[in-house]
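Below: the structure, in structure tokens.
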Amino acid sequence: MVKCHLSTIMGEKRLKIADVARDTSINRGTITRMYHEEATRVDLEVIEKLCRYFEIEVGDLYELVDNPEI
């Protein structure tokens with residue numbers, strides 16, 4: 001399973017979904033789905049924008065974790 005750390009990163013920086021959407025020009029719905037880990041597909045352009053915005057690497061945003069249900 002792939003885990004998205006967007007909510008943690010935003011929480012550390014005390015940013016709201018609206019702030020990130022405004023600053024990055026990423027659709028608010030996309031950020032909301034990523035924030036709540038409901039996104040099933042994310043464009044590479046979105047990942048790149050978020051990594052540049054937060055000054056992080058892709059591995060800081062996403063993590064591959066074991067899924068005990070499989």
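The values are calculated or read from the model by the stated rules, or taken from the named source; none is laboratory data. Source: prediction; values computed, not measured. Just so you know, the surface numbers come from the protein's heavy atoms only, side chains and all, with ligands and any DNA or RNA stripped out. Shrake-Rupley method; radii C 1.70, N 1.55, O 1.52, S 1.80 Å.
Kindly express, to the nearest 10 degrees and within the range 0 to 90, the angle between helix 44-54's C-alpha long axis and the longest C-alpha principal axis of the chain.
70
In 5 Å bins starting at zero, report the fraction of Cα pairs in the chain per bin as a rounded %.
3, 16, 30, 29, 12, 5, 3, 1
How far, in nm, would the chain grow between HIS36 and ASP60 when pulled straight, counting 0.36 nm per residue and subtracting the alpha carbon separation?
7.0 nm
When the accessible area of the chain is computed with all protein chains present and a 1.4 Å probe, what percentage of it is carbon and sulfur?
46
Per-residue HN-Hα couplings for the range 14-29, Karplus 6.51 cos²θ - 1.76 cosθ + 1.60 at θ = phi - 60°, whole Hz, x for Gly and Pro?
Karplus-based 3J(HN,Hα) across the range 14-29 equals 6, 10, 9, 4, 4, 4, 5, 4, 5, 6, 9, 6, 8, 3, 4, x Hz.
Give me the 1.4 Å probe accessible area per residue for the chain, excluding ligands and nucleic acids, in Å². Show your work: numbers first, answer last.
Details: 5210 Å² over 70 residues.
Roughly 74 Å² per residue, with all protein chains present.
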